[in-house]
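Each remark here refers to the structure printed beneath this line.
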Amino acid sequence: MEGTEERPQSQVPVTVSCSTLLKRFKNAHGHTIYSFGEELDTLRKTNGAGSWSSKYDIYRLSFDRGEWGQDYNSDAAESGVVNVAYNWTMLGTNGAMRKCFKADNIENGLSSRILVAEMPDASFSKMPKFGKRSAEDEAKIQEAVTRLRSFTGLIDVPRLRKAIETWVEEKRVEAAKDIDHVKDIYRKRAAVIGFRCGVIFHLLSGKDKETKSCLDFAVMMAEYCLKQQIKAFGEVLESQFVDARDECVRYGSNHSIFDQLSPAFTMDDLRSLKRGFCSEAGLRKIISRWYRDGWIEKIDKTHWKKMTM
């Protein structure tokens, strides 16, 4: 039987109590700790064993190194407050994802902090044959890790900031035209995730300034993240909006409500396009938002006119 390597201090198992995790955060001295799991269902089960093990709020806070802690009057439980830095990678089926990301973990923002990577369909494919990484590949990986670890302080990337700002504004306009609350919610953290991917690309490139390849990669990752989040969680999040606020729902990803309206339109025209899925208060909110953004102007008491954009 082959021996197993000792787990690095920065790596913790998926199944861990909150007290133990707090102790690991303290010992990490601000560095990121990491978990890997072959079954997403393990993550769901370990968070369902009671308050001592539920870490969903920690996962959310760790996206921006938020502050978390606990204070128990017991020597058996760890107490204290830390800034959490925690990443994990999980493999799982679509069914396991649906069980893990139910309404609560979608509405509370955890789903927007996840980069979903869908594997290609391998139905009826031959059994794959995997081999060990070559010594050259291992050396390149270690070189990249060493390079990333060597960076400290502020990394100024103005071109990358501008590229992501442009992308997220384009998505805001798309979402506003469609009254697409799902896209509006997910575009924001998708932009952050894409930006962070771009920063890693820039650091590994060794260039003084961000290259066009770096900018293209960051935007591509933001776009990919957004599409995967909408595909995986959009339907459930959309139903949360409908249930909570009686708001309008998306009825087609390729149809813009705003673009379908005539140059001059009435509230009845908008009501017809929304197909009864929007309350009167919701319709007035749509008109108010378009007017505020300069997309329309009022002609008379019942008619509006679209402005040239």
Report task. Could you check how many residues of segment 201-229 are surrounded by fewer than 16 Cβ atoms within 10 Å (Cβ to Cβ) and β-branched (Val, Ile, Thr)? Result -> 1
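Report yes if Gly95 is of a type outside the set (Ser, Thr, Tyr) and part of a loop (DSSP other than H, G, I, E, B), otherwise no. Write out each step before concluding.
Values: of a type outside the set (Ser, Thr, Tyr): yes; part of a loop (DSSP other than H, G, I, E, B): no.
Spelling it out, it is not the case that Gly95 is of a type outside the set (Ser, Thr, Tyr) and part of a loop (DSSP other than H, G, I, E, B).
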Query raised in the report: Looking only at segment 1-25, which residues are open to solvent by 70 Å² or more (accessible area, probe 1.4 Å) and modelled with pLDDT of 90 or more?
Result: Thr15, Lys23, Arg24
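Quick grid of which residues meet (1) open to solvent by 60 Å² or more (accessible area, probe 1.4 Å); (2) part of a helix (DSSP H, G or I):
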residue: Lys126; (1), (2): yes, no
residue: Glu143; (1), (2): yes, yes
residue: Gly153; (1), (2): yes, no
residue: Arg159; (1), (2): yes, yes
residue: Ile164; (1), (2): no, yes
residue: Trp167; (1), (2): no, yes
residue: Val182; (1), (2): no, yes
residue: Lys188; (1), (2): yes, yes
residue: Gly198; (1), (2): no, yes
**Report entry** Condition broken by Met90, with the remaining ones in (1) over 18 Å from Val14 (Cα atoms); (2) surrounded by 13 or more Cβ atoms within 10 Å (Cβ to Cβ); (3) not small (Gly, Ala, Ser) satisfied
**Finding:** (1)
Query - When residues of segment 35-78 are limited to those that are among the basic types (Lys, Arg) and part of a loop (DSSP other than H, G, I, E, B), the one least open to solvent (accessible area, probe 1.4 Å) - result: Lys55
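The values are calculated or read from the model by the stated rules, or taken from the named source; none is laboratory data. Predicted, not measured: the structure shown is a model, and the values here were computed from it. When we count neighbours, we look across all protein chains shown, and the Cβ atoms used for this are built from the backbone with ideal geometry, even at glycine. These area figures cover heavy atoms from the full protein model, side chains too; ligands, DNA and RNA do not enter into them. Shrake-Rupley method; radii C 1.70, N 1.55, O 1.52, S 1.80 Å.
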